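The next block holds one structure in the form of structure tokens; read it before the comments.
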Amino acid sequence: MKKPNYTPEIRERAVQLLIESEKDYPSTWAAITAIAPKIGCTPETLRAWHQKHLGWCFKKYAETKQVEF
């Protein structure tokens with residue numbers, strides 16, 4: 001079985017959809033499990049994209065605030 005390739009645009013849109021929809025679910029995982037099938041990926045894949053996004057956001061924040069890790 002071939003692993004699907006997702007473009008960076010699809011990944012970013014999926015993460016944005018997750019972030020926008022989180023408030024409608026009791027937990028982040030509940031949102032992930034509801035949204036992942038709509039995108040055509042596994043919940044674990046969407047969770048990993050979300051974690052990378054959060055790490056990137058923190059890194060950008062730290063750069064603007066001159067915070068050392």
Quiz prompt | Those residues of the range 39-53 which are touching a residue at least 12 places away in the same chain (Cβ under 8 Å) and either open to solvent by 80 Å² or more (accessible area, probe 1.4 Å) or over 16 Å from R13 (Cβ atoms) (or both), in sequence order | solution = P43, R47
Quiz item: If you go through the range 34-69 one residue at a time, how many are modelled with pLDDT of 85 or more, of a type outside the set (A, V, I, L, M) and in a helix (DSSP H, G or I)?
Solution: 11
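The values are calculated or read from the model by the stated rules, or taken from the named source; none is laboratory data. The structure presented is a predicted model; accordingly, all values stated were derived computationally and were not measured. As a convention, Cβ positions derive from the backbone with ideal geometry for all residues, glycine included, and neighbour counts pool all protein chains shown. Just the protein is used for accessible areas: all its heavy atoms, side chains included, with ligands, DNA and RNA removed. Shrake-Rupley method; radii C 1.70, N 1.55, O 1.52, S 1.80 Å.
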